[in-house]
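Student: A single structure is presented below for examination.
The values are calculated or read from the model by the stated rules, or taken from the named source; none is laboratory data. Everything numeric in this text was worked out from a predicted model, so none of it was measured. Methodologically, a virtual Cβ is constructed for each residue, glycine included, from the backbone with ideal geometry; neighbour enumeration extends over all protein chains shown. Only protein heavy atoms, including side chains, enter the accessible area calculation; ligands, DNA and RNA are left aside. Shrake-Rupley method; radii C 1.70, N 1.55, O 1.52, S 1.80 Å.
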Amino acid sequence: MPQGDASVPLPTPGKLSFASLGSGSKGNATLVSDGETSVLVDCGFGLRETERRLARLGMHPRQLDALLVTHEHGDHLRGVGPLARRHGVPVYLTPGTWLSGRLGEVPQRHWITPQSRFAVKSLVIDPITVPHDAREPVQFRFESRGCHLGVLTDLGHPTEHVIEAFRGCDALILECNHDRHMLEVGPYPPQLKRRVGGNWGHLANVQAAALLRHLGLDRLQRIVCSHLSEHNNRPELALEALTPLLDGDASRLTIAAQDSGLQWQAIR
């Protein structure tokens, strides 16, 4: 099994950092760490691929303090059970996600109650209900020593509840799933197009931009465009939608790619 790459710098105590193993319709997983506590949000890759991608970021699965699950769709859940069973990682999820029956038994299971703050060691976590076509989906806001990170993907539209919950973040991983024109003329069948573009589907680039306007940008150090569709979006279109909000300065923007993910990003 791959070992953590000793040449890769890891997060240091007292600094909230994050990285992506990969993001898109083929699999999603996000690492969050403050140097003392490390959690993996979702795991949509197979066991060996997850171990390989963790090693690429200098991590071994047994360094994980928890696996947090947003919802039961395969591109977020596929590797959760195998990883938890192989390496004894505790799993946190909502009862609705568990009742989907897609996870299987895990060594340690902890319930998440939406809108009820909890902690995994030094990380304080707020699970936020989002509009998505799953049983009981949530997204997460993390806090450590006054720094705040939002992980916000897989939602059909930005509700007032979501906007209020994610205000004041220092960094935000934000869904930019599709370009509306590409989705309209793309290869998906009509029913799937309606599902993706509907109020319980995924955020379009223009919706992500509108959400950012409501959240405010003054405090945001890093904005990560995430969960880009392979068929209905391109990185340059996502960046093009968000860059005008930053007065043309795209230095705070980056992409979490499907294959290469995103290297560690530290919040000051």
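Student: Tally time: how many residues in region 232-268 are in contact with a helix residue (DSSP H, G or I) (Cβ under 8 Å, 6 or more places away or on another chain), under 24 Å from Asp75 (Cα atoms) and free of Cβ contacts under 8 Å to residues at least 24 places away in the same chain?
Tutor: 1
Student: Residue under question is Ser25, and the condition is that it be closer than 22 Å to Trp264 by Cβ and in contact (Cβ under 8 Å) with a residue 60 or more places away in the chain; does it hold? Break it down into steps so the answer makes sense when it comes.
Tutor: Values: closer than 22 Å to Trp264 by Cβ: no; in contact (Cβ under 8 Å) with a residue 60 or more places away in the chain: yes.
Criteria not met by Ser25.
Student: Among the residues of region 103-116, write down those that are in contact with a helix residue (DSSP H, G or I) (Cβ under 6 Å, 6 or more places away or on another chain) and either acidic (Asp, Glu) or surrounded by 15 or more Cβ atoms within 10 Å (Cβ to Cβ) (or both).
Tutor: Leu103, Val106
Student: Same structure, new question: Which of (1) in contact (Cβ under 8 Å) with a residue 24 or more places away in the chain; (2) assigned to a loop (DSSP other than H, G, I, E, B); (3) closer than 25 Å to Arg117 by Cβ is the odd one out, the single condition Asp218 does not satisfy?
Tutor: Here Asp218 clears every test but (1).
Student: Being buried (at least 23 other Cβ atoms within 10 Å of the Cβ) and assigned to a loop (DSSP other than H, G, I, E, B) is the filter here, so list the residues in region 43-63 that pass it.
Tutor: Within region 43-63, Cys43, Gly44, Phe45, Met59 meet the criteria.
Student: Inspect all residues belonging to region 196-211 and state whether any of them is in contact with an Asp or Glu (Cβ under 8 Å, 6 or more places away or on another chain) and open to solvent by 60 Å² or more (accessible area, probe 1.4 Å).
Tutor: Yes, region 196-211 has at least one match.
Student: Please verify whether region 98-105 includes one or more residues that are more than 16 Å from Leu211 (Cα to Cα) and under 18 Å from the mean Cα position of the chain (by Cα).
Tutor: We begin by selecting, within region 98-105, every residue more than 16 Å from Leu211 (Cα to Cα); these are 98-105.
Narrowing the set further to residues that are under 18 Å from the mean Cα position of the chain (by Cα) leaves none.
No, region 98-105 contains no residue that is more than 16 Å from Leu211 (Cα to Cα) and under 18 Å from the mean Cα position of the chain (by Cα).
Student: If you don't mind, there's one more thing I want to ask. Could you please let me know if Ala119 is closer than 24 Å to Gln263 by Cβ, surrounded by fewer than 22 Cβ atoms within 10 Å (Cβ to Cβ) and of a type in the set (A, V, I, L, M)?
Tutor: The answer is no for Ala119.
Student: I would also like to ask the following. Take residues that are without any contact (Cβ under 8 Å) to a residue 40 or more places away in the chain, within 20 Å of Asn232 (Cβ to Cβ) and of a type in the set (Lys, Arg) and tell me which of the helices (runs of 4 or more DSSP H) falling wholly in region 116-210 contain 1 or more.
Tutor: On the way: elements: 160-165, 180-185, 190-197.
It comes to 180-185, 190-197.
Student: Have a look at Leu93, Leu99, Leu149 and point out the one that is farther than 17 Å from Cys43 by Cα, at pLDDT 95 or above and open to solvent by less than 40 Å² (accessible area, probe 1.4 Å).
Tutor: On the way: Leu93 fails: farther than 17 Å from Cys43 by Cα; Leu99 fails: open to solvent by less than 40 Å² (accessible area, probe 1.4 Å).
Testing whether each residue is farther than 17 Å from Cys43 by Cα, at pLDDT 95 or above and open to solvent by less than 40 Å² (accessible area, probe 1.4 Å) leaves just Leu149.
Student: Got a sec? Which of Ala84, Ala19, Ala55 is touching a Phe, Trp or Tyr at 6+ places or on another chain (Cβ under 7 Å) and modelled with pLDDT of 95 or more?
Tutor: Working: Ala84 fails: touching a Phe, Trp or Tyr at 6+ places or on another chain (Cβ under 7 Å); Ala55 fails: touching a Phe, Trp or Tyr at 6+ places or on another chain (Cβ under 7 Å).
Answer to the selection: Ala19.
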